[in-house]
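**Student:** Sending over a structure as structure tokens; questions will come in a sec.
A short reminder: the numbers here are calculations on the coordinates, not readings from a lab. Predicted, not measured: the structure shown is a model, and the values here were computed from it. We place every Cβ from the backbone using ideal geometry, glycine too, and count neighbours over all the protein chains shown.
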Amino acid sequence: MSSPAISLRGLSKSFRLFGRRTQFQTLKSALLKRDLRPEPEGSVQALRGLTFDIARGEAFGVIGRNGSGKSTLLKIVSGILKPTEGLVSVNGRVSALIELGAGFHPEISGRENIYINGIMLGLSRKEIDRRFERIVEFSGIGEFLDQPVKTYSSGMYVRLGFAVAVHVDPEILIVDEVLSVGDEEFSQKCIAKIQQMKARGTTLVFVTHQLPLVKELCDRAVWIERGAMAAIGDPARVVDAYLQEVAGNHQAAPSEVPIIRGEQGSAAAAPAEEPAENDPLEEERWGSGEALITEVSLRDERGRQLVALGGRNPVTVRMDVAARTPQTDFVFGVAIYHADGTCVYGTNTEIEGWRPGNLEGEGSVEFIMPSLDLVAGSYRLDVAIHTKNGRAYDYRRGAIRFIVGSGLHDVGIYRPPHEWTFRGGIALEKAQAGRRDVPPEIEKTLRELDDSDESS
């Protein structure tokens, strides 16, 4: 088993506080004391005993309120700060974008700062030369490249800093909340680049208040509250627990949230048990419980429940819903995943333009698919009711497991409607259904027998 990219053990960080009473009022008072160093009045603990590992190639999100210690954690990991207690181990070349304008000299040009930053990140001048055009193109500030950096806007700072950070081929990329400063176009460009780096196996660690981005990009997330680790694990569950806390519901951290397990469609709650990771076929469930999905089923066009189905058949996902208290902020979501965890498709009523009116009492929701164009395999269905900002009332992961069968042996997940055409000197004959795996000479004989039976 390979060593983790980042390992923290009992990591704590304290900062000394210097109040007004510690400052010398006059030079005479300092000389009489014979010590020019002010004495701290106390200290504040920014981080408290953090212990976890970040695997190589993992995308890891850090969330929490302002002042909770997120940026301090990244600064320690990137080597800017030293821990007061505990150990931190970082294995690999690190590229960090921690603070707006960090590492830039304001009096010199963007061009010169690219070279200075590249050298600080471990590149030679020749290596920077090879990457220079790509850095400038990605940043989009070519016309201002030879202007002093002090004349740049905050958005231009971010563009230049991120462009350098991602083009030094880091093994570990650390990014603080600075991406929120950029415009929408550049933010999307950065997300695409992060996804590309993730696919190449780069370890990603970033702080953000854009919680949907954590769910989309991260393999795991940690929620830090007042310097301590409140929760760590699946991004959707960590983000939801954080949103519950922020909303004032004081929902327990994900490690303490009861996991609701049971038969398909069951809504009975159960006490906290071992994490669902022990059995990937078990349903996971969490949320505030203000509204519940009491039953989930797959149905055909006649309303019959399905467990196994063929591709291209019409399918309806039905959710029976019960609201414990009336709600005016609610979204219904559906997602299909392959057994290997790959997301096949996901959507919700907010994405598709349905504005919530009122959710009260009992009701049902149907998500109708005229044709389920999936390749043969095992799949799971996730369903949810949540607020517009993502706080879950009831999130059911793996609410249903189902199998898609097919006589074809194509690969992948999705089978788009299609046909084949052949022109010129290309001739093929279509095998009859049920004979695709029969050797051609035998299939030809069977066809001749069929023809003779029809003629007789």
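**Student:** What shape does region 357-428 have by the C-alpha gyration tensor, where a ≥ b ≥ c are the square roots of the eigenvalues, rounded means a/c under 1.5, and otherwise prolate means a/b greater than b/c and oblate the rest?
**Tutor:** In terms of gyration-tensor shape, prolate.
**Student:** Would you kindly calculate the mean projected area, averaged across all directions, of the convex hull enclosing the Cα atoms of region 67-169, in square nanometres?
**Tutor:** Computed as one quarter of the Cα hull surface, the answer is 7.4 nm².
**Student:** Now for a separate question. Using the Karplus equation 6.51 cos²θ - 1.76 cosθ + 1.60 (θ = phi - 60°), what ³J(HN,Hα) coupling, rounded to whole Hz, does each residue of region 228-245 give in order, writing x for Gly and Pro?
**Tutor:** Running phi through 6.51 cos²θ - 1.76 cosθ + 1.60 with θ = phi - 60° gives 10, 7, 7, 6, 8, x, 4, x, 4, 6, 5, 4, 5, 4, 5, 5, 4, 5 Hz.
**Student:** Most exposed first by the Cβ proxy, i.e. fewest other Cβ within 10 Å, how do TYR393, TYR345 rank?
**Tutor:** The most exposed by this proxy come first: TYR345, TYR393.
**Student:** Output the relative contact order of region 332-431, whole-number percent, from Cα pairs under 8 angstrom with separation of 6+ residues.
**Tutor:** Rounded, it is 27 percent for region 332-431.
**Student:** Given a Förster radius of 25 Å and the C-beta distance between ALA55 and ASP169 as r, what FRET efficiency does 1/(1 + (r/R0)^6) yield to the nearest 0.05? Don't skip to the end; give the middle numbers.
**Tutor:** On the way: r = 19 Å, r/R0 = 0.77.
It comes to 0.80.
**Student:** How long is the gain from ALA247 to GLU366 if the chain were fully straight, where each residue apart is worth 0.36 nm and the alpha carbon distance is subtracted? Mind dumping the intermediate values first?
**Tutor:** Values: separation 119, 0.36 × 119 = 42.84 nm, distance 2.89 nm.
The ALA247-GLU366 span can extend by a further 40.0 nm.
**Student:** Mark the label point 7 Å from the Cα of ASN389 along Cα→Cβ and return the residues of region 217-250 whose backbone N is within less than 16 Å of it.
**Tutor:** Only 239-250 fall inside the zone, counting backbone N under 16 Å.
**Student:** Could you pull out the pairs from LYS189/LYS215; LYS75/LYS193; LYS70/LYS150 whose alpha carbons sit more than 24 Å apart here?
**Tutor:** Correct reply: LYS70/LYS150.
**Student:** Taking 0.36 nm per residue of separation and subtracting the Cα-Cα distance, what length does fully extending ALA376 through LEU408 add?
**Tutor:** 10.7 nm is the gain from fully extending ALA376 to LEU408.
**Student:** Over region 99-233, one equal point on each Cα, no solvent: what is log10 I(q)/I(0) by the Debye formula at q = 0.14, 0.18 Å⁻¹?
**Tutor:** These q points yield log10 I(q)/I(0) values of -0.66, -1.03.
**Student:** Of the peptides 120-132, 230-242, 72-84, how do they stack up when ordered by the mean number of other Cβ atoms within 10 Å, highest first?
**Tutor:** Top of the packing list down: 230-242, 72-84, 120-132.
**Student:** Can you list the residues, at least 5 places off or on another chain, whose amide H is less than 5 Å from the amide H of ASP373, using H built in the peptide plane?
**Tutor:** Excluding prolines and chain starts, which carry no amide H, the hits are ARG312.
**Student:** How long is the gain from ALA192 to GLU143 if the chain were fully straight, where each residue apart is worth 0.36 nm and the alpha carbon distance is subtracted?
**Tutor:** Contour length minus Cα-Cα distance gives 15.3 nm.
**Student:** Okay, next question. Among TYR337, TYR115, what is the fewest-to-most ranking by other Cβ atoms within 10 Å?
**Tutor:** TYR115, TYR337
**Student:** Still on this structure: So how do THR349, THR325 line up by other beta-carbon neighbours within 10 Å, fewest first?
**Tutor:** Fewest-to-most ranking of THR349, THR325: THR325, THR349.
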